[in-house]
């Protein structure tokens, strides 16, 4: 329930949209640094892959805590911390030439920054600001903003590396992050919700409730698969295309940019459809179609056309799981601790990302190809298809009234 002090949903979506656009846009472009960093420091691809894997793992580890802070202290403060960490992380990636230190710093600084500037941190304020009938749509629009960032930043990242050098590209992006995120954070004002009388659910009670609920575990498992698939493709696709004889780096830029472009429509469409159809069926459909698209891409001859079709199709499916998953969480548990619970589910996503990044580098180093990982990616997609079907989306019944 809302009062007259509820902030304007449009303002919240614009501010969080700018933050997500830049945070996710920079993050998705990190694959372009794999080869120049590895060549400069004489590292194998496994080193950079492990650094990205650690980054994704720490993103997940910090996610629940960033969500707790956003729910308790406000989203603006969390984003301010995240912007500073992000800038420090990019500068550190440019300066460090020791593999172990590079892996640790990339993981802690950039991973922590992403936890404070992406979905886990902003989901709560969006869910608490949007009316129930617009909540799924708002989540979809938020995901579309992050997708727009990927579309815009792919060519920017590539051009910065080519024109300014990979180290200077990091410095420039660090400055841009601060200039954009800090003003946007100040625009975010938490909605004041009417609190029912009587005992209120505590944070620990909300955690125990969620982890004792079977649908929450099914969402955890499905999101694990999502993380595995996206990080493997996002980080290794440029290198995979080069291994297949596609030596023009602009093709990889086109591929990742098309994923970002079509992800805008896929994320927004998933949010709209999530307000009409059961979200569990939509989630199952997304995972099934991912496996089909990847399988067809691997079997088809590599060409500019096949790469473009694959990228567009994957783009539609890329982050369409985000508004659907967050919508299920909000529908079952309410919005009071939405950022925190989304953070826990996202931690599972990042465990999948960690494993996907690690296996990508490991199998390439071992076999000089990615064939084994592609098979795992397809199999996990079919697994996620099945486990989302039995999710019960009904709101949980409690003895005391809490915010929904």
## Note on the structure
Only unsatisfied item for residue 275, checking (1) closer than 20 Å to residue 311 by Cβ; (2) surrounded by fewer than 21 Cβ atoms within 10 Å (Cβ to Cβ); (3) touching a helix residue (DSSP H, G or I) at 6+ places or on another chain (Cβ under 9 Å), is (1)
### Task
Please determine, by comparing only the residues of region 162-195 that are out of contact with any strand residue (DSSP E or B) (no Cβ under 9 Å at 6 or more places or on another chain) and not in a helix (DSSP H, G or I), which one is modelled with the highest pLDDT.
165
### Query
When the residues of region 230-241 are filtered to those that are at pLDDT 85 or above and touching a helix residue (DSSP H, G or I) at 6+ places or on another chain (Cβ under 8 Å), which remaining residue is surrounded by the fewest Cβ atoms within 10 Å (Cβ to Cβ)?
241
## Note on the structure
Residue pairs within 9 Å by beta carbon, gap of at least six or interchain, first lying in region 32-58 and at negative phi and free of Cβ contacts under 8 Å to residues at least 24 places away in the same chain, second surrounded by fewer than 24 Cβ atoms within 10 Å (Cβ to Cβ) and in a helix (DSSP H, G or I), listed first then second, are 38/45; 38/47
### Subset of region 24-41 (residues that are modelled with pLDDT of 85 or more and more than 24 Å from residue 82 (Cβ to Cβ))
36, 38, 39, 40, 41
### Message
Any residue at all in region 111-120 that's in a helix (DSSP H, G or I) and at pLDDT below 85?
### Response
yes
### Query
Can you tell which of 123, 106 is assigned to a helix (DSSP H, G or I), under 30 Å from residue 269 (Cα atoms) and touching a helix residue (DSSP H, G or I) at 6+ places or on another chain (Cβ under 8 Å)?
123
### Task
Just one of (1) surrounded by fewer than 24 Cβ atoms within 10 Å (Cβ to Cβ); (2) within 29 Å of residue 258 (Cβ to Cβ); (3) modelled with pLDDT of 85 or more; (4) more than 15 Å from the chain's Cα centre (by Cα) trips up residue 21, so point out which.
(4)
### Task
Using the structure shown, decide if residue 259 is out of contact with any strand residue (DSSP E or B) (no Cβ under 7 Å at 6 or more places or on another chain), in a helix (DSSP H, G or I) and buried (at least 20 other Cβ atoms within 10 Å of the Cβ).
yes
### Task
Just need a number here: residues in region 66-87 that are farther than 27 Å from residue 172 by Cβ and in a helix (DSSP H, G or I).
7
### Query
Quick one: residue 148 ticks every box in (1) assigned to a helix (DSSP H, G or I); (2) surrounded by 13 or more Cβ atoms within 10 Å (Cβ to Cβ); (3) at pLDDT below 90; (4) over 22 Å from the mean Cα position of the chain (by Cα) bar one, so which box is it?
(4)
## Note on the structure
Screening 264, 276 for residues that are in a loop (DSSP other than H, G, I, E, B) and over 20 Å from residue 298 (Cβ atoms) leaves only 276
### Task
Just give me the residues in region 131-145 being more than 18 Å from the chain's Cα centre (by Cα) and crowded, with 23+ Cβ neighbours inside 10 Å, in sequence order.
135
### Message
For region 72-86, which positions are within 16 Å of residue 55 (Cα to Cα) and buried (at least 24 other Cβ atoms within 10 Å of the Cβ)?
### Response
82, 83, 86
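The values are calculated or read from the model by the stated rules, or taken from the named source; none is laboratory data. Keep in mind that what you see is a predicted model, and the values were worked out from it rather than measured. Backbone-built Cβ (ideal geometry, glycine too); neighbour counts: all protein chains shown.
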